[in-house]
Amino acid sequence: MLKQLVRLLRRNQKSKDVAKSRLQLILVQDRIGIDEQLMQALQTDMTALLSRYFELEQDGIEMEMQREGQSMALVANIPVSSLKIRRPLQA
Amino acid sequence: MGKVIVVTSGKGGVGKSTSTANLGTALALLNQRVVVVDADIGLRNLDVIMGLESRVVYTSMDVIEGTCDLDKALVKDRRTKDLHLLAASQKNNKNDIQPEQMKKICLELKEEYDYVLVDSPAGIEQGFRNAAAGADVAIIVTTPEVASVRDADRIIGLLMNMEIDDMGLIINRLAPKMVESGDMMNPDDIIDILSINFIGVVPEDKEIVISTNRGLPTTYNHQSSAGQAYRRIARRIDGEDIPIPEFKPGSWLGNLFKFNSFK
Ligand SMILES: Nc1ncnc2c1ncn2[C@@H]1O[C@H](COP(=O)(O)OP(=O)(O)OP(=O)(O)O)[C@@H](O)[C@H]1O
Ligand SMILES: [Mg+2]
């Protein structure tokens with residue numbers, strides 16, 4: 001829904017503005033060197049950590065870098081089915 | 001002691017050789033002693049753009065191999081005095097030269113000349129490293145396109161690693177009409193993204209093709225907008241504090257920028 005809206009707005013945007021925002025996104029990724037492998041590793045680590053506290057719906061996990069205005073954000077969508085209460089945490 | 005300037009881009013075909021030939025010519029027309037060095041070993045172009053191909057006898061490879069003195073390998077320009085070309089070998093490839101060897105040539109040349117302009121090959125590999133090895137300053141050429149600006153950013157990072165911090169950006173092939181209609185990034189957009197010292201815009205101009213056909217750099221053509229742009233950029237490189245012109249009244253350029261880094 002939101003994605004469709006963004007796409008719709010983009011269509012009316014001037015192509016140079018689209019170019020600029022794509023570039024900004026690409027360069028942040030290039031500069032930090034964030035590639036697919038790294039994102040995958042991050043997702044694995046994050047879900048492992050969160051699994052200690054929550055029951056997660058593994059299939060619904062989405063994680064990506066998004067540009068928000070002038071900065072980048074790591075946006076994660078991690079569906080939680082329940083809280084793991086009173087489970088002793090290992091150090 | 002002169003300055004060694006590497007002209008580079010990352011992406012191919014954005015106008016490095018065209019810029020080297022034109023800026024070299026324009027600097028020589030400002031009464032500077034200039035050598036342009038073709039560092040695109042195996043794919044030499046600069047001789048053709050300058051119209052000097054029939055005069056090339058020796059190349060930088062002969063100098064490195066010791067078959068010829070550096071002085072003797074330089075080709076004198078047909079029209080402009082104190083303008084010389086050091087050609088690249090066409091039968092070798094980029095890995096046949098080491099950065100140290102290229103650096104030695106550049107150091108020797110800048111003893112005698114005010115400006116040594118090195119035309120880098122595309123890419124980020126050894127050919128680029130050779131070209132940049134002896135450089136004091138880098139000119140990065142980009143077109144107003146996503147892929148080209150992205151590669152420029154990569155090159156800027158590599159140059160910084162090589163401690164070549166004095167850099168200037170040329171935006172080539174700008175089409176003012178497209179900028180006006182919002183279909184091409186304008187210089188402000190690009191500078192905003194790359195945050196680097198900006199030294200000029202060269203418009204898209206068919207005179208570039210015509211002059212390359214004739215082997216006479218566009219700089220000689222006072223009617224050509226690209227030629228005018230190169231002459232202005234050369235003056236800026238040479239330390240003159242002149243503003244980058246606007247392409248149309250009320251447009252985005254203005255005199256916002258100051259260009260002091262090349263002094
Ligand atoms: N401002 C311009 N207007 C029109 N055509 C141009 C302009 N600048 C360059 N060109 C054309 O673009 C082509 C590529 O230019 P050039 O050979 O200078 O690029 P390059 O970066 O040296 O390429 P390579 O990476 O292959 O060495 C040439 O055909 C040239 O005539
Ligand atoms: Mg070239």
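Under a point spin-label approximation (7 Å from Cα along Cα-to-Cβ), what is the B:GLU65-B:LEU107 distance to one decimal in nm?
Simple spin-label model gives 2.4 nm for this pair.
Round to the nearest 10 and report in Å² the accessible area of B:GLU163, as given by a 1.4 Å probe over the protein chains' heavy atoms.
So the heavy atoms of B:GLU163 present about 150 Å² to solvent.
Under 16 Å between alpha carbons, and skipping anything fewer than 8 positions from B:LYS91 in its own chain: which aspartates and glutamates qualify?
Leaving aside aspartates and glutamates fewer than 8 places away in the same chain, those within reach of B:LYS91 are B:ASP38, B:ASP40, B:ASP47, B:GLU53, B:ASP62, B:GLU65.
Would you work out which of B:LEU43, B:ASN31, B:VAL209 lies farthest towards the positive end of the dipole of the protein assembly as shown, given +1 charges on the beta-carbon of Lys and Arg and -1 on that of Asp and Glu, about the Cα centre?
Result: B:VAL209.
Place a label point 7 angstrom from the Cα of B:ASN161 along the Cα-to-Cβ direction, then list the residues of the stretch B:1-17 whose backbone nitrogen is under 16 Å away.
B:9-11
Per-residue ellipticity at 222 nm for chain B, helices alone: DSSP H runs ≥ 4 residues times -39500 (n - 2.57), over residue total, nearest 500 deg cm²/dmol?
Result for chain B: -10500 deg cm²/dmol, rounded to the nearest 500.
For a quick check of understanding: with a 1.4 angstrom probe and all protein chains in place, what accessible area in square angstrom does A:SER21 have, to the nearest ten?
Estimated to the nearest 10 Å², A:SER21 gives 10 Å².
Here are some pairs, B:LYS177/B:LYS206; B:LYS16/B:LYS177; A:LYS14/B:LYS177; B:LYS72/B:LYS103; A:LYS16/B:LYS16; which of them have Cα atoms lying more than 20 Å apart in this structure?
B:LYS16/B:LYS177; A:LYS16/B:LYS16
If R₀ is 22 angstrom, what is the calculated FRET efficiency for the pair A:PHE54 and A:LEU74, using the beta carbon separation as r and rounding to 0.05?
0.75
Taking the Cα centre of each part, how many Å lie between the stretch B:3-37 and the stretch B:159-211?
15
I want the antiparallel fraction of DSSP beta bridges within the stretch B:64-200, as a percent rounded to 5.
Antiparallel: roughly 20 percent of the beta bridges in the stretch B:64-200.
Expected output is a single nm value to one decimal: the length gained when fully extending between B:GLU125 and B:ARG214, i.e. 0.36 nm times separation in residues minus the C-alpha distance. What is it?
So the chain would gain 28.9 nm between B:GLU125 and B:ARG214.
Give me the net charge for the shell around B:ALA122: Cβ to Cβ below 10 angstrom, other residues only, Lys and Arg +1, Asp and Glu -1.
Net charge in that neighbourhood comes out at -1.
Looking only at other chains, what is the average number of their beta-carbon atoms within 10 angstrom of each beta-carbon in A:15-28?
Shielding by partners across A:15-28 averages 5.
Suppose R0 equals 41 Å. What FRET efficiency, 1/(1 + (r/R0)^6) with r the Cβ-Cβ distance, do A:ASP17 and A:LYS84 give to the nearest 0.05?
0.35
Quickly work out the B:LYS72-to-A:ILE32 label distance, labels modelled 7 Å from Cα along the C-beta direction, and quote it in nm with one decimal.
5.8
How would you order B:21-32, B:94-105 from highest to lowest mean count of nearby Cβ atoms within 10 Å?
B:21-32, B:94-105
Which percent, nearest 5, of DSSP beta bridges in the protein assembly as shown are antiparallel?
Taking every DSSP beta bridge with both residues in the protein assembly as shown, the antiparallel ones total about 30 percent.
The values are calculated or read from the model by the stated rules, or taken from the named source; none is laboratory data. Bear in mind that the values here come from a model prediction, so they are computed numbers and not experimental data. Here Cβ is always computed from backbone atoms with ideal geometry, including for glycine, and neighbour counts include all displayed protein chains. SASA here: full protein model, heavy atoms, side chains in, ligands and nucleic acids out. Shrake-Rupley method; radii C 1.70, N 1.55, O 1.52, S 1.80 Å.
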